[in-house]
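Structure record follows, encoded as structure tokens.
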Amino acid sequence: METEREVKSDPRRGLPSVERLARAVRQTGCELPDWALRDAARGLLEEERERVRVSSGAATLETLIARARERAEALCQPHPRRVVNATGIVLHTNLGRAPLAPGAAQAVAAAAAGYSDLEFDLPSGKRGDRQAAVAAKLARLGGCEAALVVNNNAAAVLLALNTLARDREVIVSRGELVEIGGSFRVPEIMQRAGVKLVEVGSTNRTHAGDYADSVGPDTALLLKVHRSNFALSGFTAEVGLPELAAIGAEHGLPLLEDLGSGTFVELPGLPREAFVPARLQLGADLVCFSGDKLLGGPQSGLLLGSAERISELRRNPLARALRLDKLSLAALDWTLEAYLVGTAERDLPVLRQLSEPIGHLEKRARVLAERLAKLAGASARVEARAEPSPVGGGSVPGLELPGWVVAVEPAAGAERVVGRLRAAAVPVVARVRDAKVLLDVRTLLDGDADALEQAFRHALR
Ligand SMILES: *Cc1c(COP(=O)(O)O)cnc(C)c1O
């Protein structure tokens, strides 16, 4: 119980009201909208009341005004904002995964700003199929009969399971019951898809017999899931696609592979199993993967396989709920065309970044280091050096390539500087290792070097 005296000296009483603080921020010449000033003031005062309750000493009005203003500015920032990715992680889930090729981005802008023949057949003047063009390109690239695209790969898995195995059993190895970043968990998606999970094998070892022994009258599908964000090593065994396909064929069961990351070129540096045509050739009836991982396109879920299976999927009412929007469709179409005409390696940022020769990376790192060293003067030691890049992020586990970074050792401390880099007008995201800020040149895009220089200036001030 609080005594009268304590109530009177309660520093919470010294805090201004929301209205008063918002007005004070306005009087600093701030032109942000009223809702932002009020939301910022309310949020800040709530925190301040809590802070004052557990410790002593309220912030001065001046400090409150400055902090409320910063908060209001943050509330009015557009989202998502452009950032410079200096992490070296090409497929960074938190930074939007694959950047689109400039041509694909232009296709998006054109589709967004005007009308299009999205679902209109120009020769006949009748209703058209929004997917026909990309589906034909995908089938050609995959060397298969048919294809379907949906909103993302999680949706692709959901649609495939729900279509092929609703109320029935799906067999999957215990070693593949994974969770992918962003809360995609195989067992949970299976439950929501209305299928019954039959786990076989053990975490580290699953054999062909485990699958074969589990097939029963209620089995509808064999599922293989790429482990994507973790690697299994040591005493392990898994059943390859051809063997699984043989088990499927023997029992008349389709085989679905959730590949996670898939692509239509074979390049040194890319994981071999990501080459989609080979997966289909090895016996998967259906393969699904993300459009914005190694493929280098927009967020989307791509399903490739036999005409029969794909048409079953298309007829599921869920397909309509999970369909791809026209902006992503435009970007995907452009990206697939690049694969078809053979310019993917040159035009798609993801492929370019993954296959950039080490000599180029070194040269870029040395040029950047020189520029930054000039800016830093005595406030930091700056040097270019070789350092592996963790290019796969959460999308391709353990995929590391030899790379080059600019290592910055600031007098003010690496943690402080890396934080200030994130607070720049164009924020820069970098990693810290051994008291050094590492700026990986692999993931720097055109125009990023200038933004980085500006942020660096801000960070060392
Ligand atoms: C990334 C991934 C998913 C989820 O794909 P989204 O496109 O993010 O929905 C599903 N399965 C696997 C194996 C993955 O790697």
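The values are calculated or read from the model by the stated rules, or taken from the named source; none is laboratory data. All values reported here derive from a predicted model rather than from experimental measurement. Neighbour counts are summed over all protein chains in view; Cβ atoms, including those assigned to glycine, are modelled from backbone coordinates with ideal geometry.
Name every residue in the range 286-339 that is assigned to a loop (DSSP other than H, G, I, E, B), more than 19 Å from residue 221 (Cα to Cα) and among the hydroxyl-bearing types (Ser, Thr, Tyr), in order of residue number.
If the condition is that a residue be assigned to a loop (DSSP other than H, G, I, E, B), more than 19 Å from residue 221 (Cα to Cα) and among the hydroxyl-bearing types (Ser, Thr, Tyr), then 300 is the only one that fits.
Looking at the range 254-268, which of the residues that are more than 10 Å from the ligand (Cβ to nearest atom) and in a strand (DSSP E or B) is nearest to residue 283 (Cα to Cα)?
By that ranking, first place goes to 255.
In this structure, does residue 413 turn out to be modelled with pLDDT under 95 and on the phi > 0 side of the Ramachandran plot? Answer is no for this residue. Regarding the range 292-299, can at least one residue be identified that is more than 14 Å from the ligand (Cβ to nearest atom) and either touching a strand residue (DSSP E or B) at 6+ places or on another chain (Cβ under 9 Å) or not assigned by TED's automatic domain parsing to the domain that holds residue 110 (or both)? No, the range 292-299 has no match at all.
Among the residues of the range 272-301, those identified as touching a His at 6+ places or on another chain (Cβ under 9 Å) and at pLDDT below 95 are 273, 274. Please verify whether residue 311 is within 14 Å of the ligand (Cβ to nearest atom) and hydroxyl-bearing (Ser, Thr, Tyr), treating the condition exactly as stated. No. Scanning the range 355-369 for residues that are under 15 Å from residue 405 (Cα atoms) and part of a helix (DSSP H, G or I) turns up 358, 359, 360, 361, 362, 363, 364, 365, 366, 367, 368, 369. Of all residues in the range 250-282, those that are more than 21 Å from residue 162 (Cα to Cα), surrounded by fewer than 24 Cβ atoms within 10 Å (Cβ to Cβ), without any contact (Cβ under 8 Å) to a residue 60 or more places away in the chain and out of contact with any Asp or Glu (no Cβ under 8 Å at 6 or more places or on another chain) total 5. Just to verify a result, which residue in the range 404-430, among those that are in a strand (DSSP E or B) and out of contact with any helix residue (DSSP H, G or I) (no Cβ under 8 Å at 6 or more places or on another chain), is surrounded by the most Cβ atoms within 10 Å (Cβ to Cβ)? Top of the filtered list is 407. Residue 448 meets each of the listed conditions (1) closer than 14 Å to residue 365 by Cα; (2) modelled with pLDDT under 95 apart from (2). In summary, helices (runs of 4 or more DSSP H) completely within the range 149-244 and bearing 1 or more residues that are away from the ligand (no atom under 16 Å from the Cβ) and closer than 27 Å to residue 271 by Cα occur at 208-214.
Answer yes or no as to whether residue 116 is polar (S, T, N, Q) and in contact (Cβ under 8 Å) with a residue 24 or more places away in the chain. Here the answer is yes, as residue 116 does meet what is asked.
Among the residues making up the range 135-146, those that are outside any loop (DSSP other than H, G, I, E, B) and more than 16 Å from the ligand (Cβ to nearest atom) are 135, 136, 137, 139, 140, 141, 142, 146.
Within the group 205, 227, 192, which residue is assigned by TED's automatic domain parsing to the domain that holds residue 276 and farther than 11 Å from residue 175 by Cα?
Just one listed residue meets the conditions, 192.
For (1) under 15 Å from the mean Cα position of the chain (by Cα); (2) touching a residue at least 60 places away in the same chain (Cβ under 8 Å); (3) more than 21 Å from residue 429 (Cβ to Cβ), each residue gets a yes or a no:
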residue: 60; (1), (2), (3): no, no, yes
residue: 65; (1), (2), (3): no, no, yes
residue: 69; (1), (2), (3): no, no, yes
residue: 76; (1), (2), (3): no, no, yes
residue: 79; (1), (2), (3): no, no, no
residue: 86; (1), (2), (3): no, yes, no
residue: 90; (1), (2), (3): yes, yes, no
residue: 95; (1), (2), (3): yes, yes, no
residue: 99; (1), (2), (3): yes, yes, no
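A single entry from 411, 424, 435, 407 fulfils the requirement of being over 25 Å from the mean Cα position of the chain (by Cα), over 14 Å from residue 376 (Cβ atoms) and more than 16 Å from the ligand (Cβ to nearest atom): 435.
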